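Structure first, then comments.
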Amino acid sequence: MAKRIFEFICTNNHLFDRYIDDEQFAASCPHCNANAKRIISIPRIDLDGCSGDFPTASDAWLKKRESHMKYERKMGIGDAYRSEVEV
């Protein structure tokens, strides 16, 4: 029996998660003690823009980085940091 974190929702619409066995499909709500059913959680999707697998994310990162570097050069922020590091 493997344990995982599952999300539950009770009859009073309280949403909570619990670390339980795979085979357990019900739990009691910690907020109101009502019966709760296990639900399918929304997956978190995070695209890696640096690997090149998702070119639009990579391009957006490069554009943002270029803009930030331009701002630092204009304000003299990057130069002050580099001189502190070199000393």
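Across the range 4-37, the qualifying residues are those that are of a type in the set (D, E, K, R) and under 22 Å from the mean Cα position of the chain (by Cα), and the one among them that is surrounded by the fewest Cβ atoms within 10 Å (Cβ to Cβ) is Arg4. For the range 67-87, a residue qualifies if it is polar (S, T, N, Q) and modelled with pLDDT under 85, and exactly one does: Ser83. Within the range 2-20, residues that are assigned to a loop (DSSP other than H, G, I, E, B) have Cβ atoms under 8 Å from residues that are open to solvent by less than 90 Å² (accessible area, probe 1.4 Å) and small (Gly, Ala, Ser) in these pairs: Thr11/Ala34; Thr11/Ala36; Asn12/Ala34; His14/Ala34; His14/Ala36, counting only partners at least 6 apart in sequence or on another chain. Of everything listed in (1) within 19 Å of the chain's Cα centre (by Cα); (2) at pLDDT 90 or above, the single unmet condition for Ala57 is (2). Every condition in (1) modelled with pLDDT of 90 or more; (2) more than 25 Å from the chain's Cα centre (by Cα); (3) open to solvent by 100 Å² or more (accessible area, probe 1.4 Å); (4) of a type outside the set (Gly, Ala, Ser) is met by Met1 except one, and the failing one is (1).
The values are calculated or read from the model by the stated rules, or taken from the named source; none is laboratory data. Bear in mind the structure is a predicted one, so any value in this text is a computation, not a measurement. Virtual Cβ from ideal backbone geometry, glycine too; neighbours counted across all protein chains shown. With ligands, DNA and RNA removed, areas are computed over all heavy atoms of the protein, side chains included. Shrake-Rupley method; radii C 1.70, N 1.55, O 1.52, S 1.80 Å.
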